[in-house]
1. For the stretch 244-257, name all the residues that are more than 16 Å from K137 (Cβ to Cβ) and surrounded by 15 or more Cβ atoms within 10 Å (Cβ to Cβ).
2. Among the candidates D266, D297, single out the residue that is touching a residue at least 60 places away in the same chain (Cβ under 8 Å) and part of a loop (DSSP other than H, G, I, E, B).
3. Mind telling me which of the residues E143, E240 ends up being without any contact (Cβ under 8 Å) to a residue 12 or more places away in the chain and not hydroxyl-bearing (S, T, Y)?
4. Do any strands (runs of 3 or more DSSP E) lying entirely in the stretch 140-252 carry at least 1 residues that are under 18 Å from V301 (Cα atoms) and at pLDDT 95 or above, and which ones are they?
5. What are the pairs with Cβ atoms under 8 angstrom where one residue, in the stretch 48-64, is without any contact (Cβ under 8 Å) to a residue 60 or more places away in the chain and at negative phi and the other, located anywhere, is among the hydroxyl-bearing types (S, T, Y) and assigned to a loop (DSSP other than H, G, I, E, B)? Sequence gap at least six, or different chains.
6. So for the stretch 9-21 (the condition being modelled with pLDDT of 95 or more, assigned to a strand (DSSP E or B) and outside the structural domain of P152 (by TED's automatic domain parsing)), does at least one residue qualify?
7. Does F272 satisfy the condition of being under 19 Å from L171 (Cβ atoms) and surrounded by 12 or more Cβ atoms within 10 Å (Cβ to Cβ)?
Amino acid sequence: MKVALIGYGYWGPKLARNIQNSNNFQIDYIVDSSKKNLDNAKKIFPTSKFYINYKKLDISKLDLVVISTPTKTHYQLAKYFLKYTNVLIEKPLALNSNHVLKLEKISKTYKKKLIVDYPFIFSGSIMYIKNVIKKHKYGRLLEVESFREQAPIRKDSDVVWDLGVHDISILRFLLNSNPAKINSLKYNTVKTKHKDTAYINLEYKNNLKVFIKNSWVSPLKIRLMKFKFEKSIIICDENEPIYKIKVFTRKNSKKPNYKLELPEIDLSEPLFNLIQYVAYSIKFNSNSIYKNNFNVDITKVLEKI
């Protein structure tokens, strides 16, 4: 299937590598307003065609457009391409739910797939947690804590729309619901245009409590989530190369003594799993993860925060 990649800056090369590694796609076009970025792309994709202006593309020949551009451009670009072809777009889809609703409507009207790159919902570790919750393996989920620190400081959105979107998309994927209560504190620790740190408290049905910390400014890159069940605590650390999931099961219900288990999980790169999902969705005309207002729900929670 023929692909055009719009944006070859920070995230674009990562998407391009996984698209190229898939047996389902070939990158025919790469578009970027920066000559330097295009020169970098030409070294790796010499057979592709390169443009500065996306409107010069022959969209009729494309099976998929991948958008990896600044957040403020997402709505207009997705709106333009969705009338002609399927779209995979970097998170967040847009900065308000009205724009998301309009894009969803366009995708349905023109019968095109609209898929957002929420990479962690395609990780083996989150898939493992999803299965544990579904099977009630360790009883009811009581509490979730998430720490997501260190990332490039953005100029077009704050830390919640950049890092918090990962937490909110993961929670929506795992719980199939939105929180009933939302409280947050956001502030700057350095002189940036947008808030660089956020503390978020969420409460879901069944009295499930969630605490999230997001921060761009940190000496360490942290991608850690803790899931506290009635019978165990599961630590999910995406920075771990192999043992991303650690299950601590209580030996005795009266004492906090734990037995450590290291379950086998899928260690494939989440972005590669995402690209495989996109290929399947196009080939078999399905989009199972993104149904039932998935993108809209995530955006509404981010707006409230």
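1. Once the filter is applied, which keeps residues that are more than 16 Å from K137 (Cβ to Cβ) and surrounded by 15 or more Cβ atoms within 10 Å (Cβ to Cβ), the stretch 244-257 yields only K244.
2. Just one listed residue meets the conditions, D266.
3. Unique residue meeting the criteria: E240.
4. Correct list: 141-149, 181-187, 197-204, 208-215.
5. I52/S33; I59/Y84; I59/T85; S60/Y84
6. Taking every residue of the stretch 9-21 in turn, none turns out to be modelled with pLDDT of 95 or more, assigned to a strand (DSSP E or B) and outside the structural domain of P152 (by TED's automatic domain parsing).
7. Against the criterion (under 19 Å from L171 (Cβ atoms) and surrounded by 12 or more Cβ atoms within 10 Å (Cβ to Cβ)), F272 does not qualify.
Okay, residues lined up against (1) of a type in the set (G, A, S); (2) closer than 30 Å to K113 by Cβ; (3) assigned by TED's automatic domain parsing to the domain that holds D156:
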site	(1), (2), (3)
K205	no, no, yes
D237	no, no, yes
K254	no, no, yes
E261	no, no, yes
I275	no, yes, no
A279	yes, yes, no
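The values are calculated or read from the model by the stated rules, or taken from the named source; none is laboratory data. Being a predicted model, the structure only gives us computed values, none of them experimental. Glycine also receives a Cβ, built like all others from the backbone with ideal geometry; neighbour counts cover every protein chain displayed.
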